[in-house]
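Reading through the structure tokens given below for one structure.
The values are calculated or read from the model by the stated rules, or taken from the named source; none is laboratory data. All values derive from a computational prediction rather than experimental measurement. Quick reminder, even Gly has a Cβ in these numbers, built from the backbone with ideal geometry, and neighbours come from all protein chains shown.
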Amino acid sequence: MPMDRDASHSGHSDDSDAPLLGVRGCLIDTPHLGRLRERKDTAILIENGRIVDIGAYNLLHKKASSKARWLHNARAAIFPGLIDLHSHLPQYPAVAKGRSELLPWLRQTVFPLEREFGEAKARKESMAFFRELARHGTTTAMLYGSVNEAACEAAFEAAEKSGLRVIMGMLMMDIASYGASQPKKVMSIALLESERLCEKWHGARAGMLEYAFSPRFAVSCSEKLMKGAAELAAKHSAFLQMHLAENFEELEKVKNQFSWAADYADVYDKCGLLTPRTVLSHCIHLSDREMDVVAASGARVAHCPTANLFLGSGVMPMEKMHDRGIPIGLGSGVGAGTELNLWQVMRSAIESQKMRSYYDGDARVPSPAEVFYMATQGAAEVLGKENMIGSLDVGKDADFIVVDYGAFLPYRKTARQQRDELSAEDLLSLCIYRGGPHGTMETFVRGNSVYRAAEPDLF
């Protein structure tokens, strides 16, 4: 086991034997943008999936030692669960493949892969994908599924078994589609099947699974399909997710395809797609007018710096979004993003803005605390779940990860040296620049362990 169990409860792994779960470590979170909060040698108590108490370990241990099952480790840091706002489940095998820009990369690398992602492949790969998310410390993910209804059904079934929070939808597109049907037929089928999936899975498993109507992007969608998706999302109070302004060639195609629109954001706005339940991915090349439209609509943004760098799409002007009050979180962007590791996505968010600052005097380089906020509390705000997840507070759901930060240190220093030498800022920076699944000891969602590492190699 990755953490030492209290001797008096060492044989019990079934939570039914102990209604309370106690976890000890150094708690680090960012309840407000840029403000890092550290609580050393602290314990959290979890009951019925929620955090019911937080306090000094020596006090809480005495208070609840006879009632709780305790997990200990001298070098455990406890972080809120990481939230990935944009990823494509079928594309994971394509990571780091191809050297083209967006549209050629889709045609050459992604479309052939997605075309083959039917029910059988979804059943084989989806559970492995969700385990990878948990192993990387991701507790909530917003995903695009397949264009195939049966494959999406299989993916939702795997999500249900995984214990993770998952927002997902069937990929919708009826123009330049790789399907065999004619566009009109594709549109009607996409709307019908998406609604059927939504009716079954939106709110399933006590709200842990939710549906997102998912028209890919304007280039691959007719006006009727986009308006239909918007109407269905409103009807079912579901999410919407689309890509927006990722690539210059994409912008030119949208301009030619929708000549009646003022710009790319106007296409979505006039189709009813911009709502407070909409998550827009990338948003690199938006005009000031478009950002104002997005802000006024209440739509939110998934920033995917790793994916943007891999495809050479550009660097999002993050400070312009922040200045307009647009909620922003982070997404792995898989498969253009090369990994599910959100610590590395945070690193890319910092380094891409550093690069931009060399040629744009308006660029502001975010701090580690700011990008960590975008992967936790800020991402929860994007999803409208800021009062439920995103930080370590009493009353919130117990979504958190236990990290062996010693795994990220040169020579894996001893626990005492770590406690004495590292501040909260040091620990967070260590995770962002050297973090990954090798340091994840355990991942919890709503108080349930969804991933537990093997015994770490300590020395």
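Within segment 158-183, restricting attention to residues that are under 20 Å from the mean Cα position of the chain (by Cα), outside any strand (DSSP E or B) and not acidic (Asp, Glu), the residue that is surrounded by the fewest Cβ atoms within 10 Å (Cβ to Cβ) is Lys161.
Sub-9 Å Cβ pairs linking a first residue in segment 231-260 that is farther than 14 Å from Leu274 by Cβ to a second residue that is in a helix (DSSP H, G or I) and of a type in the set (Phe, Trp, Tyr), at least 6 apart or interchain, are Glu250/Tyr264; Leu251/Tyr264; Val254/Tyr264; Lys255/Tyr264; Phe258/Tyr264, ordered by first then second residue.
The condition of being out of contact with any His (no Cβ under 7 Å at 6 or more places or on another chain), hydroxyl-bearing (Ser, Thr, Tyr), at pLDDT below 95 and more than 24 Å from Trp105 (Cα to Cα) does not hold for Ser259.
On the basis of being more than 24 Å from Arg289 (Cα to Cα) and of a type in the set (Asp, Glu), does Glu319 make the cut?
In short, no.
Yes or no: segment 105-126 includes at least one residue that is in contact with an Asp or Glu (Cβ under 9 Å, 6 or more places away or on another chain), under 29 Å from Val402 (Cβ atoms) and free of Cβ contacts under 8 Å to residues at least 40 places away in the same chain. Yes, segment 105-126 contains at least one residue that is in contact with an Asp or Glu (Cβ under 9 Å, 6 or more places away or on another chain), under 29 Å from Val402 (Cβ atoms) and free of Cβ contacts under 8 Å to residues at least 40 places away in the same chain. Criterion first (at pLDDT 95 or above, over 30 Å from Asp263 (Cβ atoms) and acidic (Asp, Glu)) does Glu199 satisfy it? So Glu199 passes the test. Screening Gly325 on (1) within 19 Å of Asp266 (Cβ to Cβ); (2) surrounded by fewer than 21 Cβ atoms within 10 Å (Cβ to Cβ) shows it passes everything except condition (1). For the structure I just gave you, tell me whether Ala155 is surrounded by 16 or more Cβ atoms within 10 Å (Cβ to Cβ) and either in contact with a helix residue (DSSP H, G or I) (Cβ under 7 Å, 6 or more places away or on another chain) or part of a helix (DSSP H, G or I) (or both). Answer is yes for this residue.
Listed by position, the helices (runs of 4 or more DSSP H) inside segment 331-435 whose residues that are outside the structural domain of Asn73 (by TED's automatic domain parsing) and in contact with a Phe, Trp or Tyr (Cβ under 7 Å, 6 or more places away or on another chain) number at least 2 are 342-357. Here Ser162, Ser100 are screened, and the one residue that is among the hydroxyl-bearing types (Ser, Thr, Tyr) and closer than 24 Å to Ile284 by Cβ is Ser100. Residues that are touching a His at 6+ places or on another chain (Cβ under 6 Å) and of a type in the set (A, V, I, L, M) are absent from segment 211-226 altogether. Here Trp70 meets the list (1) of a type outside the set (S, T, N, Q); (2) in contact with a Lys or Arg (Cβ under 9 Å, 6 or more places away or on another chain); (3) under 26 Å from Val345 (Cα atoms) almost entirely, failing just condition (3).
Pairs linking a residue in segment 290-302 that is among the polar types (S, T, N, Q) to a residue that is part of a strand (DSSP E or B), with Cβ atoms under 8 Å and 6 or more positions apart or on different chains, are Ser297/Thr278. For segment 135-149, state whether one or more residues are modelled with pLDDT of 95 or more and surrounded by fewer than 21 Cβ atoms within 10 Å (Cβ to Cβ). Yes - at least one qualifying residue is present in segment 135-149. Among the residues of segment 305-322, the ones that are closer than 20 Å to Gln377 by Cβ, surrounded by fewer than 24 Cβ atoms within 10 Å (Cβ to Cβ) and not aliphatic (A, V, I, L, M) come to 2 in all. Looking at segment 285-296, is at least one residue assigned to a loop (DSSP other than H, G, I, E, B) and either modelled with pLDDT under 95 or in contact with a strand residue (DSSP E or B) (Cβ under 6 Å, 6 or more places away or on another chain) (or both)? No, because not a single residue in segment 285-296 is assigned to a loop (DSSP other than H, G, I, E, B) and either modelled with pLDDT under 95 or in contact with a strand residue (DSSP E or B) (Cβ under 6 Å, 6 or more places away or on another chain) (or both).
The listed residues are Arg300, Arg324, and the only one of them that is within 23 Å of the chain's Cα centre (by Cα) and farther than 19 Å from Met142 by Cα turns out to be Arg324. Exactly one residue out of Val147, Val186 is assigned to a helix (DSSP H, G or I), among the β-branched types (Val, Ile, Thr), at negative phi and in contact with an Asp or Glu (Cβ under 8 Å, 6 or more places away or on another chain): that is Val186.
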